[in-house]
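Novice: Have a look at this one before I ask anything.
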Amino acid sequence: MQRIVERQLHDPALSLSRVAAEAGMSVRHIQNLFREQGTAPRAWLYRTRVERARKYLLSTDLTVAEVSEQSGFRDVSHFSRTFRAAYGSSPGRYRTEHR
């Protein structure tokens, strides 16, 4: 199931129901699987997206807006807020400090 999500991570319209249908599982079953791991599907999705964005920032010359788009965020301001919450600095500053 996580591989399905990772292949479609760039799609901001990715939904749990779509992933469930593709995986041949019910939405409830997927929620229970995540609960057993101590998380929720949405929380895992955001962590995965922000981690992918972090990797792009460190390994590519994509702009912050392009990184946001490639990581599946609907807009760059939401991406920046989410990234700052996860890593303690803006995406641009993180890139400068860690590259």
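Novice: How much length is gained on full extension from T60 to Q8, taking 0.36 nm per residue of separation minus their Cα-Cα distance?
Specialist: Computed gain between T60 and Q8 is 16.7 nm.
Novice: Moving on to the next point. Can you give the charge dipole size of the chain about its Cα centre, rounded to the nearest 20 debye, using +1 on the beta carbon of Lys and Arg and -1 on the beta carbon of Asp and Glu? Provide the component values of the computation, followed by the final result.
Specialist: On the way: 17 positive and 10 negative charges, 52 e Å.
Roughly 260 debye, rounded to the nearest 20.
Novice: Looking at the square roots a ≥ b ≥ c of the eigenvalues of the Cα gyration tensor of the chain, which shape do they give, rounded for a/c under 1.5, prolate if a/b is larger than b/c, or oblate?
Specialist: Since a/c reaches 1.5 and a/b is larger than b/c, the shape of the chain is classed as prolate.
Novice: When only the heavy atoms of the protein chains count and the probe is 1.4 Å, how do L45, L58 rank by accessible area, highest first?
Specialist: Values: L45 30, L58 55 Å².
So, going from the largest accessible area down, we get L58, L45.
Novice: Using a 1.4 Å probe, what is the accessible area per residue for the chain, in Å²?
Specialist: It amounts to 61 Å² per residue over the chain.
Novice: Once you sort the root eigenvalues of the Cα gyration tensor of region 1-48 as a ≥ b ≥ c, which label holds: rounded (a/c under 1.5), prolate (a/b larger than b/c) or oblate (the other case)?
Specialist: It comes out oblate by the Cα gyration axes.
Novice: Could you put S17, S80, S71 in order of accessible surface area, largest first, with the 1.4 Å probe and the full protein assembly present?
Specialist: The residues order as S17, S80, S71, largest area first.
Novice: Quick one: pull the percent of accessible area on region 29-83 belonging to carbon and sulfur, 1.4 Å probe, ligands and nucleic acids left out.
Specialist: 49 percent
Novice: Now for a separate question. Which Cα, out of A53, S68, S89, lies furthest along the positive dipole direction of the chain (beta carbon charges, K/R +1, D/E -1)?
Specialist: Among A53, S68, S89, the one farthest towards the positive end of the dipole of the chain is S89.
The values are calculated or read from the model by the stated rules, or taken from the named source; none is laboratory data. What you see is a predicted model; the values in this text were computed from it and never measured. Methodologically, a virtual Cβ is constructed for each residue, glycine included, from the backbone with ideal geometry; neighbour enumeration extends over all protein chains shown. Ligands, DNA and RNA are excluded from the accessible area calculation, which covers all protein heavy atoms including side chains. Shrake-Rupley method; radii C 1.70, N 1.55, O 1.52, S 1.80 Å.
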